[in-house]
1. Please report how far the C-alpha centroid of the stretch A:45-85 lies from that of the stretch D:40-81, rounded to the nearest whole angstrom.
2. How much of B:Asp32 can a 1.4 Å solvent probe reach, expressed as accessible area in Å² and rounded to 10?
3. Once every Cα of the protein assembly as shown carries one equal point scatterer and solvent is ignored, give the base-10 log of I(q)/I(0) from the Debye formula at q = 0.07 Å⁻¹, two decimals.
4. Which three lengths, in whole Å and largest first, does the stretch C:3-84 cover when its Cα atoms are put on their principal axes?
5. With +1 assigned to the C-beta of every Lys and Arg and -1 to the C-beta of every Asp and Glu, and no other charges, what is the dipole magnitude of the protein assembly as shown about the Cα centre in debye, to the nearest 20?
6. How large is the helix-only mean residue ellipticity at 222 nm for chain C, computed as the sum of -39500 (n - 2.57) over DSSP H runs with n ≥ 4, divided by its residue count, in deg cm²/dmol to the nearest 500?
7. Using only the alpha-carbon atoms, how far is helix B:70-84 inclined from the longest principal axis of chain B? Give it as 0 to 90 degrees, nearest 10.
8. For the stretch D:24-70, what mean projected area does the convex hull of the alpha carbons give, in nm²?
4 protein chains.
Amino acid sequence: MKHEAMIPRLKKVEGQIRGLIKMIEEEKYCIDILQQISASIGALKSISVEIMKNHINSCVKNAILNGSDEEKIEELTKTIYKFIK
Amino acid sequence: MKHEAMIPRLKKVEGQIRGLIKMIEEEKYCIDILQQISASIGALKSISVEIMKNHINSCVKNAILNGSDEEKIEELTKTIYKFIK
Amino acid sequence: MKHEAMIPRLKKVEGQIRGLIKMIEEEKYCIDILQQISASIGALKSISVEIMKNHINSCVKNAILNGSDEEKIEELTKTIYKFIK
Amino acid sequence: MKHEAMIPRLKKVEGQIRGLIKMIEEEKYCIDILQQISASIGALKSISVEIMKNHINSCVKNAILNGSDEEKIEELTKTIYKFIK
């Protein structure tokens, strides 16, 4: 399964994290730092759901069409739970 | 799709919410109230993932087997995002 | 600390949970059930932050003014973490 | 307010994000990628609560001791809500 479309978005998050380190080094205001972390978490969550969607559209779909989906759906929902709980 | 197995778990949450109202009426300590709310949220999240799993195992699976899955997967991932974001 | 203002909001959530049980009994569509759960979780989160705010404005504030805040702030941040993690 | 102690932890997250990009380039399994993202989100959340704790222990505490805390507590709880909702 290919997720190349996520690479520019992850590179943006990488830049945000570097920006965060700089904000802390420059002793920026706590609340501004927290807002930047919140933005990075938001971006990672959005990327995750995109990857889940790709995964359902490929791996899970194929498993269902091959009649061997039980394990794949179990694995998927365990992963979803990790993000939701 | 049937989710009857969720009913006892939802009744337990309903009882927790009633317990919460009583805790507030009796002016219990804030942190104890918050822990009870956290437990209720945790229970609701866990119920949600169970319902998602049932949904994938029935509605989404059927849609995939019928070749009409695009909309169903879109709808599912939008719902997952609502819980994750 | 008093949180009576939260009681009508919790009663609304209690009603939502009862509505959820009915939706399952009537075999409503999974995604509609999930949206209702998501709304209940959202309401509980919003109530929680309100209670945290009251708690900071009373218990935590008093502890700080009395110079005995270390334990209270530790307890508060542990509780915040429970909701965020 | 100083948060230097967060810098090594943020550098670790930065490394995790770079690792994620590599995992995608090497077409690793979706679920493994998602687990790595989940770990990064977890680390960022834990760092956030640490920064909130420092913020309460310094900025919020000082505002309370100076009797000018209303705005600070409002700002803090709005930020907490951003992470919890």
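1. When both Cα centres are located, 36 Å separates them.
2. My reading of the accessible area for B:Asp32 is about 70 Å².
3. Results for the protein assembly as shown at q = 0.07 Å⁻¹ read -0.33.
4. Result for the stretch C:3-84: principal-axis Cα extents of 56, 24, 13 Å.
5. Computed about the Cα centre, the dipole is about 0 debye.
6. -25500 deg cm²/dmol
7. 20 degrees
8. Mean shadow area of the hull around the Cα atoms is 4.5 nm².
The values are calculated or read from the model by the stated rules, or taken from the named source; none is laboratory data. In this text, all values refer to a predicted model and were calculated from it rather than measured experimentally. Heads up, the Cβs are rebuilt from the backbone with ideal geometry, glycines too, and the neighbour counts pull from every protein chain shown. Just the protein is used for accessible areas: all its heavy atoms, side chains included, with ligands, DNA and RNA removed. Shrake-Rupley method; radii C 1.70, N 1.55, O 1.52, S 1.80 Å.
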